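Have a look at the structure below before the remarks.
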2 protein chains.
Amino acid sequence: MSITRITVLSGGMGGARFLQGLLHGIAAGTVPGVSPGAEVTVVANTADDLWMHGLKICPDLDTVMYTLGDGIDLDRGWGRRDETWSVKAELAAYGVEPTWFGLGDRDIATHVVRTQMLDAGYPLSAVTEALCRRWQPGVRLLPMSDDRVETHVAIADEAAPSGRRVVHFQEYWVRLRAEVPAESVIVVGLDASSPAPGVLEAIAEADLVVLPPSNPVVSVGTILGVPGVREALRTTAAPVVGLSPVVGGSHVRGMAHQMLTSIGVEVSAAAVGLHYGDRATTSEGVLDAWLVDERDADQVDRVRGAGLACAAVPLMMSDVDATAAMAAAAVALVTDRGSVDGAR
Amino acid sequence: MSITRITVLSGGMGGARFLQGLLHGIAAGTVPGVSPGAEVTVVANTADDLWMHGLKICPDLDTVMYTLGDGIDLDRGWGRRDETWSVKAELAAYGVEPTWFGLGDRDIATHVVRTQMLDAGYPLSAVTEALCRRWQPGVRLLPMSDDRVETHVAIADEAAPSGRRVVHFQEYWVRLRAEVPAESVIVVGLDASSPAPGVLEAIAEADLVVLPPSNPVVSVGTILGVPGVREALRTTAAPVVGLSPVVGGSHVRGMAHQMLTSIGVEVSAAAVGLHYGDRATTSEGVLDAWLVDERDADQVDRVRGAGLACAAVPLMMSDVDATAAMAAAAVALVTDRGSVDGAR
């Protein structure tokens, strides 16, 4: 089997870093069964998107685009390298709220171009394609939907008459640092949304579908919630493999435990795999295989017991080679299981 | 006579610098007949305004606001001090046109706030008032109109089928540096515009109206073209005095000769005064008095012959004291003519 078309469902930082390793491995020929010219399509979460100061901001699309286009600030993991912050300082001087969002000057140019194209009537998918002409990310980058979908989080608030308050996901994540428990996650507009052009085809026609170690609730979870996407994953002829974002009982990128807890899922590698579910034996499952970190090797049998292929390998994306090795292990899990079982 | 209410019809740089000197003189008590607590209302030209990259830009309003609020870049005479240019560089990297407009990062914050307020339904006059809460310019700053009015310039273009091309005034001024002849000036939307709230009242209820040395065609000329403004100037009980922007046969701020030529007015101090006209003896005139530079003293009699009070004094706004002296001379021309005649 030669894999020439790979589709990845991605959030922001975790997905972007995984994609960087995957592309590195493909180019180096170290991903088993994947031809060096393989095309990668990324379906990115857009439920983190927000309008702020009249500008349309798409954090996950931009993180993928900047990371793969070599424009990301590597230390922060988001936004632009060599950033300046004049606009943010000036908006604060005008007393304009909110001030907690990290809006750099270089980044703003992206939002200005995007907003103007949206105002001119282009759908987000066309805007994203236009922006990628500059960044040349080496993947086809698709928003999960051209429709407005926004994740909100309900938190306890004793000062509110109802005892709770609903904030945009970005406010929960950036301003509140996900430090207060999330009572529930409400994804406004999700049920009425449609997949962006090419999304369902990219899943149906892929040779391999990968769920990278992105947030299973507010990143991959929202993509799966776009009507049609889950069914496309369940029916594609391509194997579907996921990598656990939870390592040793905590989320690698932090803060996601609040999200898992809010939907009643235990914060463990196995529990996230089972939450995604086996597509052969469950009615909602989307996976064939689930890769966990070596520290969670004791959970492999539990995952296998739920019908999924599973292996335990190092899952820390410490550098691009380590990440490429993760990608190779994930691919091997669905193409040549024996070689990965040996990694336990 | 004690002057407590002064209304100034202003363009950008020339008007802003004049206002700086006027306020300085008022505070110092060196403007004859004007009480130190006198209130100044500025009616600013908005026909230079443009939409660019989805942002509403008001060059003259901002130049007045930044200059009087001590935020202006003194060397350039426009835009913000300590400016950064990240957004402009990024827009160019995206290949977004146009690239010739000087759009600094700090400046963009102003346009972002303005655009968002306009999108929310606030009229430009309310937006301007809100922006001025930060800048505290020491004047009441009014746009000439809340309606969209845009000056365009027709230039010869051999490549065009019609032999001419129409460009936005900013493109003519900034990109083409007014170096090609202007065949005509077309102020789109002017006839259908209305004065912004407070404009006609500010003229009618003033103790003194001043036309600073702004561009007589594309700055003061467009303000006068807003239906009702010329009539308000002609009927106000306040004296109306203007200062010549043309000194020694050329426009102090440069490039304006193209504008004068396009409307068939000779580039001389006297001709500009006569173009504005005496309100007592002509059907369209708006002036009682016209102040020219000492180098144009030989034109004083011609101006007086047209019915206007006139004097010749130094009119170079080289520093705030020199500008305050100009303001004092202008006021003296309509309050105590004798003292100014002595300046010739």
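Coordinate-derived values only; no laboratory data. As the structure is a computational prediction, the values presented were derived from the model and not from experiment. Here the Cβ positions follow ideal geometry from the backbone for every residue, glycine too, while neighbour counts run over all protein chains shown.
So the values come out like this:
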quantity: Unit charges on C-beta of K, R, D, E only; dipole of the range A:29-174, Debye; calculated: 240 debye
quantity: Gyration tensor (alpha-carbon) shape descriptor, the range B:51-94, a/c threshold 1.5; calculated: oblate
quantity: Magnitude of the charge dipole, the protein assembly as shown, Cβ model with Lys/Arg +1 and Asp/Glu -1, debye to 20; calculated: 40 debye
quantity: Test item: Cα-centred dipole of the range A:161-278, Lys/Arg +1 and Asp/Glu -1 on Cβ, debye; calculated: 440 debye
quantity: Under-5 Å amide H pairs with residue B:52, H placed in peptide plane, nonlocal only; calculated: B:57
quantity: Inter-copy spacing of residue A:28 label points, which lie 7 Å from Cα along Cα→Cβ, given in nm from shortest upward; calculated: 7.2
quantity: The range A:6-148, relative contact order [Cα under 8 Å, separation at least 6], %; calculated: 27 percent
quantity: Placed amide H near residue A:141: partners under 5 Å, 5+ positions off or other chain; calculated: A:42
quantity: Charge-dipole axis of chain A as Lys and Arg at +1 and Asp and Glu at -1 on Cβ define it, positive-most pick from A:144, A:163, A:219; calculated: A:144
quantity: Mean separation of Cα contacts under 8 Å, 6 or more apart, over the residue count of chain A: relative contact order %; calculated: 19 percent
quantity: With Cα atoms, 0 to 90° folded angle of helix A:124-135 axis to chain A main axis; calculated: 80 degrees
quantity: Percentage relative contact order, the range B:209-344, counting C-alpha pairs under 8 Å, at least six apart; calculated: 21 percent
quantity: Shape of chain A, Cα gyration tensor, a/c cut at 1.5; calculated: prolate
quantity: Reachable aspartates and glutamates, given that their alpha-carbon falls under 18 Å from the alpha-carbon of residue A:88 and they are not under 8 places away in the same chain; calculated: A:73, A:97, A:105, A:107, A:171, B:82, B:83, B:90, B:105, B:107
quantity: Residue A:174-residue A:281 pseudo-label distance in nm [points 7 Å out on the Cα-to-Cβ vector]; calculated: 4.3 nm
quantity: Lys/Arg +1, Asp/Glu -1 at C-beta; the range B:60-198 dipole; positive extreme among B:72, B:184, B:194; calculated: B:72
quantity: Using alpha carbons only: equivalent-ellipsoid semi-axes of the range A:50-138, gyration tensor based, whole Å; calculated: 21, 18, 9
quantity: ³J(HN,Hα), Karplus 6.51/-1.76/1.60, whole Hz, each residue of the range A:48-55, x for Gly, Pro; calculated: 7, 4, 8, 9, 9, 6, x, 10
quantity: Centre separation in Å (Cα based) which lies between the range A:281-339 and the range B:261-285; calculated: 84 Å
quantity: ³J(HN,Hα), Karplus 6.51/-1.76/1.60, whole Hz, each residue of the range A:172-178, x for Gly, Pro; calculated: 4, 7, 8, 7, 8, 6, 6
quantity: Alpha carbon centroid spacing (whole Å) that separates the range B:102-116 from the range A:106-170; calculated: 21 Å
quantity: Counted charge near residue A:57, where neighbours are those whose Cβ lies closer than 10 Å (Asp, Glu -1; Lys, Arg +1); calculated: -2
quantity: In sequence order, calculated HN-Hα J values of the range A:13-20 (Karplus, 6.51, -1.76, 1.60; Hz; x Gly/Pro); calculated: 4, x, x, 5, 5, 4, 4, 4
quantity: Structure-based [θ]222 nm, chain B - -39500 (n - 2.57) summed over DSSP H runs of at least 4, per residue, nearest 500; calculated: -10000 deg cm²/dmol
quantity: Amide proton proximity set for residue A:146, modelled H, under 5 Å, gap of 5+; calculated: A:194, A:196
quantity: Separation of alpha-carbon centers, the range B:210-244 and the range B:1-79, rounded to whole Å; calculated: 15 Å
quantity: Among B:180, B:167, B:127: highest mean-square fluctuation, GNM of chain B, C-alpha pairs under 10 Å; calculated: B:180
